[in-house]
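The values are calculated or read from the model by the stated rules, or taken from the named source; none is laboratory data. Quantities reported herein were computed from a predicted structural model and do not represent experimental measurements. Counting neighbours? That spans all protein chains shown, and the Cβs are built from the backbone with ideal geometry, glycine included.
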Number of protein chains: 2
Amino acid sequence: MAEQETTALTTEEKIKEAATKIFIEKGFSATRTRDIAMEAGINLALLNYYFRSKEKLFEVVMTESLQLFLVGLEEILNDVNTVLKDKIAGIAIHYVDLLKKYPDLPLFILSEVKANPSWLEANSNVREMLTQSNFYKQLEATTQKKVEPLHFLMNLLGVLVFPFVASPVLTGTEAADKAEFNQLMEERKYWIPIWMEAMLKTLSA
Amino acid sequence: MAEQETTALTTEEKIKEAATKIFIEKGFSATRTRDIAMEAGINLALLNYYFRSKEKLFEVVMTESLQLFLVGLEEILNDVNTVLKDKIAGIAIHYVDLLKKYPDLPLFILSEVKANPSWLEANSNVREMLTQSNFYKQLEATTQKKVEPLHFLMNLLGVLVFPFVASPVLTGTEAADKAEFNQLMEERKYWIPIWMEAMLKTLSA
DNA sequence: CCTCAGGTTAATCAAATGATTAACTGAAAT
DNA sequence: ATTTCAGTTAATCATTTGATTAACCTGAGG
């Protein structure tokens, strides 16, 4: 997650990279510290030497994963120079690009936050960041008390994130399927703002 | 998942109920057979007596979970007497009711299918069932080759299922939050068909 | 050269965990 | 009354797994 120049990762970094990969792929409970050590090409004891415990190492990975998922979002949400549709477009582009790169990130975060909800309170309160944002105020202005703006936030996250969460169910396992899937996701950068606007327009009818 | 009349569950049923509860709540890797035995109020050895192994027991739970998630869907999708919007309304009502009852079901299925994709091929091929359905043909007719109909399938599932998957992140942990959340989900039975239609209309513009 | 501290390793520990064993119970069958 | 057998239990096993230990490099500083 925090790449070095090209090669030559420090041992501590190699462990963190390996842990990030495997934790995100399999979740906390299903990963063995030995798997991480093997992936990192280091002796198992080194993992504990650098990170004290599996939990501590996971904490590092989880914190960085949450940051990775949330970084860049706040500025889009609170840009006073963009209207609602522009923000939606910005979010769509940002997240399609991010999730094409890290498709397992959402399911990982959702699973681990469910298993241990304190992750959210500890690292950054997503709920407040969303509901206090300029984006949310614009949403409230648009919906004009006719419908909970939260509905549209769920809709946006649903159309944006859910395909990645559900891709193991919706797409095949072959490489061609993956390419086709990414193509679809790319198309969604264009369509999601249009769809969201159409949904919001159902209020003025 | 398969309730007896009122009380008096057979030992085998008690184990299966307990296993279903805990597996769905925590996933395969994070659940201990001892937890299941304790939840069922039985001796640990009985679990292996009746189900041979943790894996075999999980297989039973997973198969029933997939059935629970898919039962009733096929008839809605292939009802020749309903137009697209009616089917969407039927799906929305069906899944809001189901997921209010079993809110952890989607994240469980998505996680375990990702960990072991063969579950889908083994039990019932969801992808074929969807893409071969009358619903999908109606979707194709409506989109008229302008956009992949798969987009709208993802949109529907996204707005319908994602809120439940993300509820640990989006809602608080208190009981009041849960009631409020369920109220929102209830409202979505009404709105989702309207929103989906609005999204589909973006093609004719 | 010697030292010494950080880095690394093989070996091992202790607890957790899935599974099995052997004995016991009670009720139905003979 | 005895046998039999599914159901149940406490105890134990064997493996996995997170963590520690003690030894051993290695290279910078004296």
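Structure values in brief
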quantity	calculated
Members of the stretch B:5-56 found to be β-branched (Val, Ile, Thr) and either assigned by TED's automatic domain parsing to the domain that holds B:Val165 or surrounded by fewer than 20 Cβ atoms within 10 Å (Cβ to Cβ) (or both), listed by number	B:Thr6, B:Thr7, B:Thr10, B:Thr11, B:Thr33, B:Ile42
Residue identified as in contact with a His (Cβ under 7 Å, 6 or more places away or on another chain) and crowded, with 16+ Cβ neighbours inside 10 Å among B:Trp195, B:Trp191	B:Trp191
Scan of the stretch B:97-121 for residues that are buried (at least 19 other Cβ atoms within 10 Å of the Cβ) and away from every other protein chain (no Cβ under 11 Å), ordered by number	B:Leu99, B:Leu105
Scope the stretch A:169-205; condition closer than 22 Å to B:Ser118 by Cβ and touching a residue at least 12 places away in the same chain (Cβ under 8 Å); matching residues	A:Phe181
Conditions (1) surrounded by 14 or more Cβ atoms within 10 Å (Cβ to Cβ); (2) within 16 Å of DNA strand D (Cβ to nearest atom); (3) more than 18 Å from the chain's Cα centre (by Cα); number of the one not met by B:Lys85	(2)
Tally, over the stretch A:122-146, of residues that are among the β-branched types (Val, Ile, Thr) and loosely packed, with under 15 Cβ neighbours inside 10 Å	0
Test: residue in the stretch B:122-132 that is away from every other protein chain (no Cβ under 14 Å) and either out of contact with any Cys (no Cβ under 9 Å at 6 or more places or on another chain) or modelled with pLDDT of 95 or more (or both)	yes
Any pair with Cβ under 9 angstrom, 6 or more apart, that starts in the stretch A:78-93 at a residue that is in the same structural domain as A:Trp191 (by TED's automatic domain parsing) and within 13 Å of A:Ile194 (Cα to Cα) and ends at one that is surrounded by fewer than 17 Cβ atoms within 10 Å (Cβ to Cβ) and among the hydroxyl-bearing types (Ser, Thr, Tyr)	A:Ala89/A:Tyr190; A:Ala92/A:Tyr190
Residue tally, condition at the interface with chain B (Cβ under 7 Å from one of its Cβ atoms) and within 20 Å of the chain's Cα centre (by Cα), over the stretch A:171-186	1
